[in-house]
1. Can you pull out every residue in region B:105-126 that is surrounded by fewer than 22 Cβ atoms within 10 Å (Cβ to Cβ) and acidic (D, E)?
2. So, of the residues in region B:97-123 that are within 14 Å of chain A (Cβ to nearest Cβ) and in contact (Cβ under 8 Å) with a residue 24 or more places away in the chain, which turns out to be farthest from A:A191 (Cα to Cα)?
3. Name every residue in region A:69-100 that is among the hydrophobic types (A, V, I, L, M, F, W, C) and in contact with a Leu (Cβ under 7 Å, 6 or more places away or on another chain), in order of residue number.
4. Select, from B:D201, B:D154, B:D216, the only residue that is more than 21 Å from B:L65 (Cα to Cα), among the charged types (D, E, K, R) and within 20 Å of the chain's Cα centre (by Cα).
5. Do we find that B:V157 is away from chain A (no Cβ under 13 Å), buried (at least 24 other Cβ atoms within 10 Å of the Cβ) and either of a type outside the set (A, V, I, L, M, F, W, C) or touching a Gly at 6+ places or on another chain (Cβ under 8 Å) (or both) in this structure?
6. Being under 29 Å from A:S179 (Cα atoms) and more than 7 Å from every other protein chain (Cβ to nearest Cβ) is the filter here, so list the residues in region B:211-222 that pass it.
7. Considering only residues that are in contact with a helix residue (DSSP H, G or I) (Cβ under 7 Å, 6 or more places away or on another chain) and at pLDDT below 65, look in region B:14-43 and name the one that is surrounded by the fewest Cβ atoms within 10 Å (Cβ to Cβ).
Amino acid sequence: MGRAYDIVRIARSGSRPTGADYIRGIFSPFIELHGDRRFADDPAIFAGIGILGGQAVTVIAIDKGHDTEERTRRHFGAPEPEGYRKALRLMKQAEKFHRPIVTFIDTSGAYCGVDAEERGQGEAIAESIMEMIDLDTPTIAILIGEGGSGGALALGAADRVWMMENAVYSVISPEGCASILWKDAAKAADAADGLRLTADDALSFGIAEEVISEDGLGGKAFYARLGEKIERELRELAEQKDLRQARYERFRSFGRKYTERR
Amino acid sequence: MPSLKFLFKPQNELEKRGRKTAPLYGEPEKTCPNCHRTLTISTLEKTTGVCSCGYHFRMGARERLDFIADKDSFYELFADIASSDPLSFPGYQEKLRKAENASGSKESVVTGTCTIGGEKCALFIMDPLFMMGSMGAATGEKITRLFEYATGNDLPVVGFTVSGGARMQEGMLSLMQMAATSAAVRRHGSKGLFYLTVLTDPTTGGVTASFAMEGDIIMAEPGATVGFAGARVVEQTTRQPLPKGFQTAESMLEHGFIDTIVPRKDEKEAIRLLLALHRRDHGKGL
């Protein structure tokens, strides 16, 4: 018991590479693009266009930042509605120019605040999911740390979903779950077990296709290996017919598989 | 053509007094949380759960169905789809049994087809009596199937939402329902079909962040809580008092996320009109 919660702690660790690190490690050259063209630029979303294996790719990451200054600026990787709208703008742009999309997800959840609510956090996530799942271009989503609820799924409705071996994907934080169910946040470790939120769990449910080894995490060889893997997968996806239908079926299947008729 | 009071704003004290816990219509409590008047169940039945001060009590799905669908027009679909407790989550089976008894349904949403004021549609009604309308895999599956059915049969969809969000006890499988339902809504819309959502108290979390906010037209009941993060969580995170009327339908209307607030007594007529306006003949003869 408690193994899952250990993984949650690792997933949250400040020493892990952030979303921007992955992008800079894998895509070269890379140009960052800003803004949602509606209201603001959300620094929690780090995004732009990069080259991988001679192919232009739109890349979008949730970035938690490294030092205190950067973490505050990026509000700890909790995107505001403008972040999701920026991501969506760039995804639609990628579709227009027939570029594949890769997202790197690492968030405890969408930004929680009065302003974010009033500017339609729920609507921004809903629209992002609905549009992303129907994009006419190949998409890969990689969970690199925390996959916190709808705020993570907003960038996760992809053809392929991969998880780093110490990443987690959950509908609620173990602490939140424990305090709601058992009125005791100290039971977070039990909740983490119950929620089945590890990469291996996701793999067994079919929610993730692959668990990525963290050998040499953040090093040159690590990024080279992951880059090659992404490149290969994008090439395969580009040749696949009826990508949108397959993606629909992919997300459609869980409700069929994990319910019963009685 | 009948005129509707669009942009209706309720003349009650809800916003001034802030949020109160809201008893379910049908429970033994009969005190209005807004004006503190004591109401008998028979009075509430006559007013479809609306106090004379304007406060809208929550309503079970079956009860709402009787009120909103034309008599004997409802044909229930997918009633046998239920949770399989996929994570074997501690204590969950017992909760499901209790919810089934309280609601009379096997999941937190009732789905089917009906006519509303003579207009044919596919209908889903979420149920506050079933774990406060939380979305499990079976909830998502039923709603997804309803959209697929409506897409195949050229029907508009009317959906009443009430939800505490995605269901914790089904972990990431409930989370995936946000994607499944959104995809089905998208396909339905791509065929030029109309989707109307009616947000009722409370519509929050993963339901707000998926199909509740994806309607072509979004209607809400007066005073309904509508938001993504829970108000208490926002308060604890920001350590600031919440502004008056925070996360109410009225405030969401002001911020541009809801088309119109319609009191329950006018709801059926408003839905009928909107369905008629979106017929393939563009509402000819209205």
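The values are calculated or read from the model by the stated rules, or taken from the named source; none is laboratory data. The shown structure was predicted, so the numbers you read here are calculated from the model rather than taken from an experiment. Virtual Cβ from ideal backbone geometry, glycine too; neighbours counted across all protein chains shown.
1. B:E119
2. Pass one, region B:97-123, residues within 14 Å of chain A (Cβ to nearest Cβ): B:97, B:100, B:105-109, B:111.
Filter once more, so that each one left must be in contact (Cβ under 8 Å) with a residue 24 or more places away in the chain: B:100, B:105-109, B:111.
Details: B:E100: 24, B:S105: 27, B:K106: 25, B:E107: 23, B:S108: 23, B:V109: 26, B:T111: 32 Å.
The selected residue is B:T111.
3. Here is the first cut: in region A:69-100, the residues among the hydrophobic types (A, V, I, L, M, F, W, C) are A:76, A:78, A:87-88, A:90-91, A:94, A:97.
Answer for region A:69-100, where residues must be among the hydrophobic types (A, V, I, L, M, F, W, C) and in contact with a Leu (Cβ under 7 Å, 6 or more places away or on another chain): A:A87, A:L90, A:M91.
4. Numbers: B:D201 fails: more than 21 Å from B:L65 (Cα to Cα); B:D154 fails: within 20 Å of the chain's Cα centre (by Cα).
Unique residue meeting the criteria: B:D216.
5. Numbers: away from chain A (no Cβ under 13 Å): yes; buried (at least 24 other Cβ atoms within 10 Å of the Cβ): yes; either of a type outside the set (A, V, I, L, M, F, W, C) or touching a Gly at 6+ places or on another chain (Cβ under 8 Å) (or both): no.
So B:V157 does not fit the description; no.
6. As a first pass, look at region B:211-222 and keep what is under 29 Å from A:S179 (Cα atoms): B:211-213.
Residues satisfying the conditions are B:F211, B:A212.
7. Just the residues of region B:14-43 that are in contact with a helix residue (DSSP H, G or I) (Cβ under 7 Å, 6 or more places away or on another chain), to begin with: B:15, B:19, B:25-26, B:30, B:34.
Next, only the ones that are at pLDDT below 65 stay: B:15, B:19, B:25-26.
Numbers: B:E15: 16, B:R19: 19, B:Y25: 24, B:G26: 19.
Filtering first and then ranking leaves B:E15.
Per-residue answers, yes or no, for (1) modelled with pLDDT of 95 or more; (2) surrounded by fewer than 23 Cβ atoms within 10 Å (Cβ to Cβ); (3) within 15 Å of A:A154 (Cα to Cα); (4) under 17 Å from the mean Cα position of the chain (by Cα):
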residue: A:G77; (1), (2), (3), (4): yes, no, yes, yes
residue: A:E80; (1), (2), (3), (4): yes, no, yes, yes
residue: A:G83; (1), (2), (3), (4): yes, no, yes, yes
residue: A:A87; (1), (2), (3), (4): yes, no, yes, yes
residue: A:Q93; (1), (2), (3), (4): yes, yes, no, no
residue: A:H98; (1), (2), (3), (4): yes, yes, no, no
residue: A:I101; (1), (2), (3), (4): yes, no, yes, yes
residue: A:R119; (1), (2), (3), (4): yes, yes, no, no
residue: A:E123; (1), (2), (3), (4): yes, no, yes, no
